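**Q** Structure below; questions to follow.
The values are calculated or read from the model by the stated rules, or taken from the named source; none is laboratory data. Quantities reported herein were computed from a predicted structural model and do not represent experimental measurements. Cβ placement follows ideal geometry from the backbone for every residue including glycine, while neighbour counts extend to all protein chains displayed. Ligands, DNA and RNA are excluded from the accessible area calculation, which covers all protein heavy atoms including side chains. Shrake-Rupley method; radii C 1.70, N 1.55, O 1.52, S 1.80 Å.
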Amino acid sequence: MKIGIISDTHGTFDDVLRNFLAPCDEIWHAGDIGSLELADEINAFKPLRAVYGNVDGGMTRRVYSEFAFFEVEGVKVLMTHIGGYPRKYAPKALQHIHGARPKLFVAGHSHILKVIYDPVYELLHINPGGAGNYGIHSVRTAVRFDIEAGEIKNMEIGEWPRTMR
């Protein structure tokens with residue numbers, strides 16, 4: 001199964017993202033979607049799993065939760081918006097990591113792309129960075145990879161210039 005991960009779209013889902021995510025079977029959004037309408041647009045393009053972010057409003061928070069825990073092809077996944085990083089996890093995220101014991105932890109919020117293996121919790125941490133045109137980042141980013149028989153492989157990074165508004 002091919003997975004695309006985005007975060008911090010802040011209302012942007014343009015042809016750049018569609019082209020990068022077109023080969024994916026599912027899209028995972030790690031929060032700050034921008035609106036429930038945008039989530040619906042992404043979900044109409046490809047099946048969407050998402051969590052809300054700190055800028056997402058009430059309707060988005062009614063549909064999506066702060067944390068999502070699920071399993072895909074034998075890989076346990078924990079996703080949230082504000083999660084921190086290995087050795088600097090947010091307290092709520094750390095509680096969920098202890099309880100869920102995921103193999104993959106996905107978080108957004110920082111607008112900085114990072115892929116880090118955490119040997120302490122034996123998980124891969126992915127922050128896909130900022131996919132939208134709003135925020136502190138100067139380069140838009142997204143991640144895609146395959147999950148097959150419990151393995152994460154063939155990771156690809158997408159990078160594009162940000163369109164200044």
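**Q** Quick one: how many Å² of E156 are accessible to a 1.4 Å probe, rounded to 10?
**A** Here the residue's solvent-accessible area equals roughly 70 Å².
**Q** From the protein chains alone at 1.4 Å, what is the descending order of accessible area for Y121, Y89, largest first?
**A** Y121, Y89
**Q** Moving on. Which far-off residues, 5 or more places away or on another chain, put their amide H under 5 Å from the one on V75, with H placed in the peptide plane?
**A** Here the answer is G150, since their amide H atoms fall under 5 Å of that of V75.
**Q** Before anything else, pin down the relative contact order of the chain: Cα pairs under 8 Å, at least 6 apart, normalised by residue count, whole percent.
**A** 24 percent
**Q** What ratio of Cα Rg to 2.2 N^0.38 Å holds for the stretch 98-165?
**A** Working it through for the stretch 98-165, the quotient is 1.25.
**Q** If you take every DSSP beta bridge fully contained in the chain, what fraction is antiparallel? Give it as a percent rounded to 5.
**A** Expressed as a percentage, antiparallel bridges in the chain total about 65.
**Q** Charges on Cβ only, +1 for Lys and Arg, -1 for Asp and Glu, centred on the Cα centroid of the stretch 32-100; of T80, M59, L38, which one is farthest towards the dipole's positive end?
**A** Result: T80, furthest along the dipole toward the positive end.
**Q** Now for a separate question. Amide H neighbours of I5 under 5 Å, at least 5 residues apart or on other chains, H built in the peptide plane: list them.
**A** W28, V143, R144
**Q** Hey, another quick one. Expressed as an acute angle from 0 to 90° and rounded to the nearest 10, what is the orientation of the C-alpha long axis of helix 91-100 relative to the principal long axis of the chain?
**A** Roughly 60 degrees, rounded to the nearest 10.
**Q** Using 0.36 nm times the number of residues separating V115 and K153, minus their current alpha carbon distance, what extension gain do you get?
**A** Going from the current span to full extension adds 12.4 nm.
**Q** Using the heavy atoms of the protein chains alone and a 1.4 angstrom probe, what is the accessible area of the chain per residue in square angstrom?
**A** The answer is 46 Å² per residue.
**Q** Using Cα pairs closer than 8 Å and at least 6 residues apart in sequence, work out the relative contact order for the stretch 24-87, in percent.
**A** 31 percent
**Q** Heavy atoms of the protein only, probe of 1.4 Å, neighbouring chains included. What is the accessible area of Y117 in Å², nearest 10?
**A** 130 Å²
**Q** Further question: When the Cα centres of the stretch 73-91 and the stretch 28-42 are compared, how far apart do they sit, in Å?
**A** 19 Å
**Q** Give me the distance in nm between label points sitting 7 Å out from Cα along the Cα-to-Cβ direction at I136 and F45, one decimal.
**A** Computed distance between label sites I136 and F45 equals 2.6 nm.
**Q** Give me a comma-separated list of calculated 3J(HN,Hα) values for the stretch 41-57, in order, Karplus coefficients 6.51, -1.76, 1.60 applied at θ = phi - 60°, integers in Hz, x for any Gly or Pro.
**A** So the J values, rounded to whole Hz, are 5, 5, 5, 6, 7, 8, x, 10, 10, 8, 10, 7, x, 5, 9, 6, x.
**Q** Something else: Using a Förster distance of 22 angstrom, determine the FRET efficiency expected from the C-beta separation of H98 and F70, and round it to 0.05.
**A** Once the sixth-power term is evaluated, E becomes 0.80.
**Q** Could you work out [θ]222 nm for the chain from helices alone, using -39500 (n - 2.57) per DSSP H run of at least four and dividing by all its residues? Round to the nearest 500 deg cm²/dmol.
**A** -5500 deg cm²/dmol
**Q** Out of residues 5 or more away from S65 or on other chains, whose amide H comes under 5 Å of its own, with H placed 1.01 Å from N in the peptide plane?
**A** Y52
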